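Following: one structure in structure tokens, then a few remarks.
The values are calculated or read from the model by the stated rules, or taken from the named source; none is laboratory data. Note that the coordinates shown come from a computational prediction; the quantities given were computed from them, not determined experimentally. As a convention, Cβ positions derive from the backbone with ideal geometry for all residues, glycine included, and neighbour counts pool all protein chains shown.
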Amino acid sequence: MAKRIGKRTLALESRPGVLAYASVVGGKEGAGPLKKGFDEVSLDSYFGQDTWEKAEMTMLTHCLDRCAQKSGGLRPDAILGGDLLNQCVSSAFAVKDRSTPYLGLYGACSTMAEGLSLAALLLDGGGFTSLMAFTGSHFCAAERQYRFPLEYGGQRTPTSQWTVTGAGAVLLARESGAFELTHVTPGRVLDAGVTDANNMGAAMAPAACDTILRHFDDTGRDFSDYDAVFTGDLGAIGHDILQDMLQKEGLDPGLKYMDCGVLMYDLLTQDVHAGGSGCGCSAAVLAAHILPAMERGVWKRVLFAGTGALMSPLSCQQGCSIPGVCHAAAIERGARA
């Protein structure tokens, strides 16, 4: 059973293991720095469908299928997932024909970290033997819901981020694996008063700082105890804000701190302004870059801290501020690595 240490962190006694992982992305993402790590790259933004929303559902289905294939066909006891569209409809449609229990989640861009953390806690509790966590987003579907349809031709501000067309899935089991989840630190909702929906990095950075500091305080660890610490996804602006905040707290992350929104694209050549965002950003980076690098022995212990901007189109239209949240999970190489 999980043991609470400090104020918010849970140490996982059984250390649930990662058995399989997969990622599926669109053409823009497949042309970026991480192109060699994705399991599937679709040059068709519609994924063979006639709407962006159906394309997102299909992409999520492909990702779940890929993860299942890589696990040798292991069927999880349940699936945890969510997305950015109203009522998380893409995730629901992606699992509707699988005859597997489904737990829907919404954590905005933190959904992968939230799903991964909850799956690990459920497995550690002994009620399940295997669970799959997944999420994804589609640039065109997100633009239509949160901003303007592409046909509008609106200009994007320099602080804006590009919603990743991508998905990631991770299969966890109560047994040990190549990588194991050892600690989970759930995040608080913090509101920095940012109202600009095109500057989500600034809105989420305080929540990321709060969760990382809490994780370090609870565990007695700091940056020296991790080979890498990832946020996802603050983008270039949020990355720099968080780095400044951590330094003011006496912590120097140095090169160990990276952000999934910065890693996904080449910021100099791909015209994504401040970098990537969306549920699919950190999910795809986790499955295409972080876990494969751990498998190769590049890193032995990482902290995966997913960040989310908890807004809706209506709240933005009414001038509300954008609260942020960050959930962190420590992942370490296991006995089967």
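Restricting segment 59-72 to residues that are of a type in the set (S, T, N, Q) and assigned to a helix (DSSP H, G or I), which is surrounded by the fewest Cβ atoms within 10 Å (Cβ to Cβ)?
Among those that are of a type in the set (S, T, N, Q) and assigned to a helix (DSSP H, G or I), it is GLN69.
Might you let me know whether segment 270-285 holds any residue that is out of contact with any strand residue (DSSP E or B) (no Cβ under 6 Å at 6 or more places or on another chain), closer than 23 Å to LYS36 by Cβ and modelled with pLDDT under 95?
Yes; the residues of segment 270-285 include at least one that is out of contact with any strand residue (DSSP E or B) (no Cβ under 6 Å at 6 or more places or on another chain), closer than 23 Å to LYS36 by Cβ and modelled with pLDDT under 95.
Taking segment 19-55 only, how many residues are of a type in the set (D, E, K, R), touching a residue at least 24 places away in the same chain (Cβ under 8 Å) and closer than 14 Å to GLY166 by Cβ?
4
Scan segment 299-330 residue by residue and report those that are out of contact with any strand residue (DSSP E or B) (no Cβ under 7 Å at 6 or more places or on another chain) and in contact (Cβ under 8 Å) with a residue 60 or more places away in the chain.
Result: MET311, PRO313, CYS316, GLY319, CYS320, SER321.
Which residues, counting only those in segment 257-299, are small (Gly, Ala, Ser) and farther than 18 Å from ARG156 by Cα?
GLY280, SER282, ALA283, ALA284, ALA287, ALA288, ALA293, GLY297
Residues of segment 164-194 being modelled with pLDDT under 95 and of a type outside the set (A, V, I, L, M), which ones?
Those that are modelled with pLDDT under 95 and of a type outside the set (A, V, I, L, M): ARG174, GLU175, SER176, GLY177, PHE179.
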